[in-house]
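Trainee: Quick one: structure below, then a few questions.
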Amino acid sequence: MTRTAPRLPAALRLPRRGERPERKAKAGRTRASGKTKRTATAAKARRTSAPAKAGRANLLAKFRRTSTPAKAAKPAGPRPLPLPLRLPIMLLAFVFMVAFAILLARVTLEPSPASVALTHSNLHPGNSLRAYLDYASVRDVIRQLGGNILLGVPFGVLVPVLAPRARGVLQVLALTALVMLMVELTQGALITGRAFDIDDVILNTTGSLLGWALLGRRLGRAVHARRVREPADA
């Protein structure tokens, strides 16, 4: 009696040569369909993101075009006063400067024969200041030191108005020191009872600095403000 081998199910049989397995074909179709879906999804994402990027770029360019003129139109500072207003202010400052010069001449260049024996020249900064603080009364200290400081205040207030190119602090201090140095030299060389004192020049210059800081700087900027340059058209 001939025995026949049991027939295995199709799922357990090995594929014959040239036979294409059903599972491999199915897996291949699954991978191919998944790859096609991913490709379609990426293409769709690119199509939807491209208009969004273009819209953002257009919005940014529009914002730059609208914001640039606003920055260019921003004023750079205060505008100078009109000439009909500047001239009377400068004339008034000139009158005050002439009056101050007359007062300065009367205070500093008037002879004092009674003080000949008491006066002496001082070329060392600080000597006269220490002498007043050590030996003079409070009233004399206030009169001498305060008077020299007050004599310099008008320079700091009026020079920035009268001389636009010399309204900086260094220019005002240099001009005050030069004028008061000439006054002190004239006192020591020509005026009886007067002597050269370098401390007086220092106190006068200090007063000029106070006048410039309190009022002269603001007056100079208000009267002689720098002209605003118009922005160039793009």
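What follows draws every value from the coordinates through simple rules; no lab data is involved. Since the structure is predicted, the reported quantities are computational estimates derived from the model, not experimental observations. Here the Cβ is made from the backbone with ideal geometry for all residues, glycine too, and neighbour counts use every protein chain on show.
Trainee: Size of the dipole of the range 115-216 about the Cα centre, Lys and Arg at +1 and Asp and Glu at -1 on the beta carbon, nothing else charged, in debye to 20?
Mentor: About 260 debye.
Trainee: Moving on to the next point. Given labels modelled 7 Å from the Cα in the Cβ direction, how far is it in nm from Glu110 to Ala222?
Mentor: With each label placed 7 Å out from Cα toward Cβ, I get 3.3 nm.
Trainee: Rg(Cα) of the range 94-234 divided by 2.2 N^0.38 Å?
Mentor: Values: Rg = 18.2 Å, N = 141, 2.2 N^0.38 = 14.4 Å.
In units of the globular-protein estimate, the range 94-234 measures up at 1.26.
Trainee: Taking 2.2 N^0.38 Å as the expected size of a compact globular protein, what ratio does the Cα radius of gyration of the range 170-217 give against it, to two decimals?
Mentor: Normalised by 2.2 N^0.38 Å, the Cα Rg of the range 170-217 equals 1.25.
Trainee: Please list, in chain and number order, the residues 5+ apart from Asp197 or on another chain whose amide H is under 5 Å from its amide H, with Hs placed from the backbone.
Mentor: Answer set, sorted by chain and number: Asn122.
Trainee: Could I ask something else about it? Starting from the Kirkwood Rh over alpha-carbon pairs, what translational D in µm² s⁻¹ does the range 105-181 have by Stokes-Einstein at 4 °C and 1.567 mPa s? Intermediate results must be reported in sequence, preceding the final value.
Mentor: Values: Rh = 14.7 Å.
Reported coefficient: 88 µm²/s.
Trainee: Amide H to amide H under 5 Å from Leu81: which residues, 5+ apart in sequence or cross-chain, H placed 1.01 Å off N in plane?
Mentor: Ala225
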